[in-house]
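Here is the structure we will look at.
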Amino acid sequence: MNDENYKDEIDLMQIFSMIKKVFKNFLKLIISVIVFYKKKWIVFLILLLLGGAIGFFIDQNKDAKNQYTQEIIIEPKYNSGEYIYDFIEDLEDNFKDSLFVKKLGLEMDLVENIKKISFEPIILAEDVLSKLNEEYNDKGSFIEVYDEKLLEEKKYRNFYKQHKLTIIFDNLNNDNVKVAENILKYIKLNNYFKEVLDLELKQANADLAQNKKSLQFVNEYLTNLNRNPSQNDNESKFVFASESETPTISSLLKRKAELIDIINEKEKQLVLDKEVLTIVHYGDIISARKKLLNRTLFIIPLALIGLVSLFYFFKYVSRRVNNFVEEE
C-alpha cells in the first residue's frame, strides 16, 4: 500500500510539474511578445499612423462620401397601406423599365441616382393595441402576446397610422426632389382609390349634413324642454324612438355630445382625408456623411500591424529551426 501511495504521489508531482512548466512557458511567451512590441514600438507607431492616414483618405474619397437622404412621413387613408407598400417594394424592379419611369414623369439617369428607397412603419405599440381592440370589439376577448421584434412583422404594418418613406441618393442633383413628388402623385392617381375616396367623401358630406340637423333639433328640444319641462311632443318621441320614455335633459345632453364628436370627426375627414394619403412631414433632402467606424480607417492600420507582426514571427521561427538543425 505504501508503494502504491508513493507512486501516486510521484505521478501527482509529475503532473503538477508539467502544469507548472506549461504555465511558466506561457508566461515567458507573453513576456516575450510584450518585450518584442516594446522594442519595436517606433515601427508599429509609424505603421499605425500611416495606416490610419491611408484609411482616412480612402474613407473620405470613396466609402465615406456624402449621401443625400430624404425622409417623408405619410399617413395612408382608406386601407391603402398595403397597396403603398407593394408599390414601393416593386419600385426597384420597375425602375429598370424605361416606360414605367416615363409614366412616373422621371428620367432614367435620375432614378439611377437612387441608391435605396424604402417604406417602413413608425412603430407605436398603442397603434397595434388600438387596432386590435377595434377589430375584436364585440367579438369576445382576445390575447395578443408580442415583443419588439414581433411589432416589426409584416402582419402589423397596416396597424400603424404613420409610415416613413426614405429615399437615399448617391449624388446631389437639383432634380432629386422630383422623385418623391412624382411617386406620391402617381400613388394618389390610382383609379380604385380615387373611386373609394369619392364615395367616402360623398357619404361623409351626407352624414355631416344629417348630424348637423339632428344637433339642431336637439338644441331646439332642449330649449323647449327648459321652458316647459312637462311638454310631451309626439314628433320628439318619434325622433328619439330609441328612448324607452320621453327624453330627459341628461339623455339629450349625452346625445348632443355624441353628435358634436361625430360632426367634428366628419369635418376632420373632409379637410384632412381628401386624398388617399396624408403627408404628415415632407422632409428636405439632407446631406449626411457616413460614419467612419469599422471602416478602412481602422482596418488598414490593424492589417499593416498584423502583416509586420507575422513577418517577424516567421523570421523568429525560421531562426529557431536553423539553430535546431545546426545543434543536431
task = Arrange Arg227, Arg255 by Cβ neighbour counts within 10 Å, fewest through most, would you?
result = Arg227, Arg255
note = Violations at 29 Å Cα threshold for listed pairs Lys115/Lys194; Lys77/Lys116; Lys188/Lys266 -> Lys115/Lys194
remark   = Non-local residues with an amide H under 5 Å from the amide H of Leu277, with H modelled 1.01 Å from N and Pro and chain starts lacking one, are Lys77
query = Where does each of 176-185, 203-212, 17-26 land if you order them by average Cβ count within 10 Å, highest first?
reply = 176-185, 203-212, 17-26
Charge sum, other residues only, whose C-beta stays under 12 Å from Ile88's C-beta, Lys/Arg counted +1 and Asp/Glu -1 = -4
message = Using only alpha-carbon positions, what ratio does the radius of gyration of segment 181-226 give when scaled by 2.2 N^0.38 Å?
response = 1.99
In order through segment 188-199: 3J(HN,Hα) via Karplus (6.51 cos²θ - 1.76 cosθ + 1.60), integer Hz, x for Gly, Pro = 5, 8, 4, 4, 4, 6, 5, 5, 4, 4, 4, 5
key: Order by protection proxy (mean Cβ within 10 Å, highest first), peptides 104-117, 85-98   = 104-117, 85-98
task = With no solvent and one equal point scatterer placed on each C-alpha of segment 155-216, evaluate the Debye formula and give log10 I(q)/I(0) for q = 0.14, 0.19, 0.23, 0.28 Å⁻¹, two decimals.
result = -0.72, -0.93, -1.02, -1.11
note = For the pair Ala303 and Ile263, the simple spin-label estimate (label points 7 Å beyond Cα toward Cβ) gives in nm 7.2 nm
note = Put in order of increasing Cβ neighbours within 10 Å, starting from the fewest, Tyr192, Tyr160 give Tyr192, Tyr160
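Readers should treat all values here as calculations from the given coordinates under stated rules, not as data from a laboratory. Note that the coordinates shown come from a computational prediction; the quantities given were computed from them, not determined experimentally. FYI the Cβ positions are ideal-geometry reconstructions off the backbone, even for glycines, and counts take in every protein chain you see.
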